[in-house]
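To keep things clear, I will list the structure first and then write my remarks on it.
What follows draws every value from the coordinates through simple rules; no lab data is involved. From a predicted model like this one, the values you see are computed outputs, not experimental measurements. Cβ coordinates were reconstructed from backbone atoms using ideal geometry, including for glycine residues, and neighbour counts include every protein chain displayed.
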Amino acid sequence: MLIEVRVKVTRIIDAKKRKKLETYILNKSFFSEAEYKVTEILNTQHNEGTVDSFEIQSLKLSTIKEIADQYEGQYSFLATLKDIYHDDNGNEKSMRYKVLLWANDLTSATHNARELQRQGYDMQIEGLKEVDYTYVQDEHTT
């Protein structure tokens, strides 16, 4: 399951301390595993001198349903896709879900979201916005 960990971090940038709220996305089975992994990452950065201090603010199940890691880019984007279908009675229904993807600019992100849109029969892109999320991949994730 995807877990979001929000952390208040004081980073050292150009010899100045800057406070920032950061969001990490992890595919873990337990909240404690996600918290441990983010703490481990930030402790390493603290020891390297790039992080002055940090405090975990919250952990929650993410509303993101898919990580589209086949795309590369400098920035992360959150695409909201709407899948339209008909139930057994012929009534039109829709389902929304969020996908985290990467691109170098909004044009590339739109192109990548359109590729994802083509995976469904009647999907629409309902929204696309740049987000500052860090996806933590773990080779030992099950």
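Within the stretch 58-124, the proportion of Cα pairs with more than 18 Å between them is 43 percent. For the stretch 40-87, the equivalent ellipsoid built from the Cα gyration tensor has semi-axes of 34, 16, 8 Å, listed from largest to smallest. Computed over the stretch 1-67, the percent of Cα pairs more than 20 Å apart is 30. Working note: Cα atoms of the chain, range along each principal axis, descending, whole Å: 59, 34, 25.
The order of the peptides 57-69, 30-42 by mean Cβ neighbours within 10 Å, most packed first, is 30-42, 57-69. The magnitude of the dipole of the chain, with charges of +1 and -1 set on the Cβ of Lys/Arg and Asp/Glu and taken from the Cα centre, is near 580 debye.
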